[in-house]
Amino acid sequence: MRLLPGVTLLTVLLTGAGVLAPASPAGAARGAPEAAHCAGQERVRVPGAAHQEVACLPDLTTAALAGTRYTDMAGLAARGSRHPSGVPGIQIDGYFPDDSRLNATHGWAHDAQFVIRLPDRWNGGLVVTGAPGTRRQYATDALISDRVLAQGFAYAATDKGNTGPDFFTDGRAPGDAVAEWHRRVTELTRAAKKAVRQRYGHVPERTYMTGISNGGYLTRWQLENRPELYDGGVDWEGVLWTAKGPNPLTGLPVTVARTFGRATDEDLIGAGFAPGSRFLWPYHEKAYWGLTQKIFRAEFDPAYDPGCPGATAGRTVEEILAPCLSDASYDYASRPASVHRAVAGIALTGRVGKPLITLHGDLDTLLPVATGSDVYARMVEAGGRGGLHRYYTVRDGTHTDGLYDTYPDRLRPILPCYRSAFDALVGWVERGEAPPRDRTIGRPAHGDVVNSCSLEEASGE
């Protein structure tokens, strides 16, 4: 195990429901002086955890943690993105009881893994997220954790209870693996609030839910179904699941059909893919479309083609990414009612209970904006919750900021707009400062597009 200079490691094995230690003395509350470095770390027990490891670190950000056991850089940001550093504090890694073994991080081979970071200088808030895609708990360290820690927030992230391309093998019934995501975020939020109390002497004054892609979907779901746990959220290109559609299973089959020569470019455009995103289609055809369709179809409709992907999505990278020919003919609308019930069990309603800001790139080539966030914004309005929602479409933004490095003249990263949106949410919740109205955020002609974004910059198109 590689440890950083000045690190001490406290490993605690918990059994049963876990033990809640007495609260530690008050730490650095909002605006208060910095507390002693890692004071009281031995008192911090994550309630309900089956195992935890507590480390006192000189810097909780990826600038210091890259290459160590305390993070796993996902490479989701554009090169040139600036990330803060120099945030000392406590990191807690561990897992909650679970019977699946898809997450091999730390050699634990145990799902429901989490990370909690508690900075020495705390602003009184907590930020919670679930991993995007089918990634692990460290996936948004550079995108989210670094900056919110530098702002003084405590941070908590979960692997959602199952990871990797075989996530669909978790659970007994269709939809169980995705439904577990909800429980794991709720579980971590409640536990992290208590861990915060142990460290600083009181529970968070504000708790924010946020995430990208599947993490954005979870942000929506939590604010719809567990609003009492949060004060607001930022949804970055969240996945839209609705029982009747649209959902990924209504849009992705046409992409697989195109791969096998059974659909045209015009068919994709008719399914909601932006005409201006054509230059991104070859990459998504190789890396995203077939894989995403087959593993989520296996999750909600395993009887459709039990032989593909079968027990696993594949052994090699080529097998994992390869689409199933049967998915070229997949028609969600005609599938049995049991499939629609499985999707309905995890579907969104738009009835958010706390302020929510949504961002989505207009060149998203995995989750097209026309069949995703555009629809969700209408759902929120139809549910009478429009006053709690702001929706910003990012001109030239796509699902993965890393693609900006290949197409710097055609794309713009969404990360700086996300950071502006998070700041706007905090101002909205804590100071009553209403964010700008819904709009498309234009791409500026000049300036550092990788690190700056104004929500006030409305597109002239």
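Of note:
- Here the condition is being in contact with a Cys (Cβ under 9 Å, 6 or more places away or on another chain) and not assigned by TED's automatic domain parsing to the domain that holds Ala311; of Leu143, Leu188, Leu102, Leu118, it holds for Leu118 alone.
- Selected residue (only one of Ile346, Ile320, Ile269 is in contact (Cβ under 8 Å) with a residue 40 or more places away in the chain, under 21 Å from Leu403 (Cβ atoms) and of a type in the set (A, V, I, L, M)): Ile320
- Among the residues of the range 195-213, those identified as surrounded by fewer than 20 Cβ atoms within 10 Å (Cβ to Cβ) and either touching a residue at least 40 places away in the same chain (Cβ under 8 Å) or within 13 Å of Thr134 (Cα to Cα) (or both) are Arg197, Gly201, His202, Glu205, Arg206.
Every residue, every condition in (1) modelled with pLDDT of 95 or more; (2) over 17 Å from Ala156 (Cα atoms); (3) in contact with a His (Cβ under 8 Å, 6 or more places away or on another chain); (4) among the aliphatic types (A, V, I, L, M), yes or no:
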position	(1), (2), (3), (4)
Thr219	yes, no, no, no
Leu229	yes, no, no, yes
Asp235	yes, no, no, no
Pro246	yes, yes, no, no
Pro253	yes, yes, no, no
Ala257	yes, yes, no, yes
Ala263	yes, yes, no, yes
Glu266	yes, yes, no, no
Gly270	yes, yes, no, no
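- Among the residues listed as Gly387, Gly353, Gly397, the single one being assigned to a loop (DSSP other than H, G, I, E, B) and either in the same structural domain as Gly133 (by TED's automatic domain parsing) or surrounded by fewer than 23 Cβ atoms within 10 Å (Cβ to Cβ) (or both): Gly353
- Scanning the range 259-287 for residues that are closer than 18 Å to Val375 by Cα and assigned to a loop (DSSP other than H, G, I, E, B) returns Ala271, Gly272, Phe273, Ala274.
- The range 71-91: number of residues that are in contact with a strand residue (DSSP E or B) (Cβ under 6 Å, 6 or more places away or on another chain) and in a loop (DSSP other than H, G, I, E, B): 1
The values are calculated or read from the model by the stated rules, or taken from the named source; none is laboratory data. Model, not experiment: these values are computed from the prediction. Ideal geometry is used to build each Cβ from the backbone, glycine not excepted, and the neighbour counts take in all protein chains shown.
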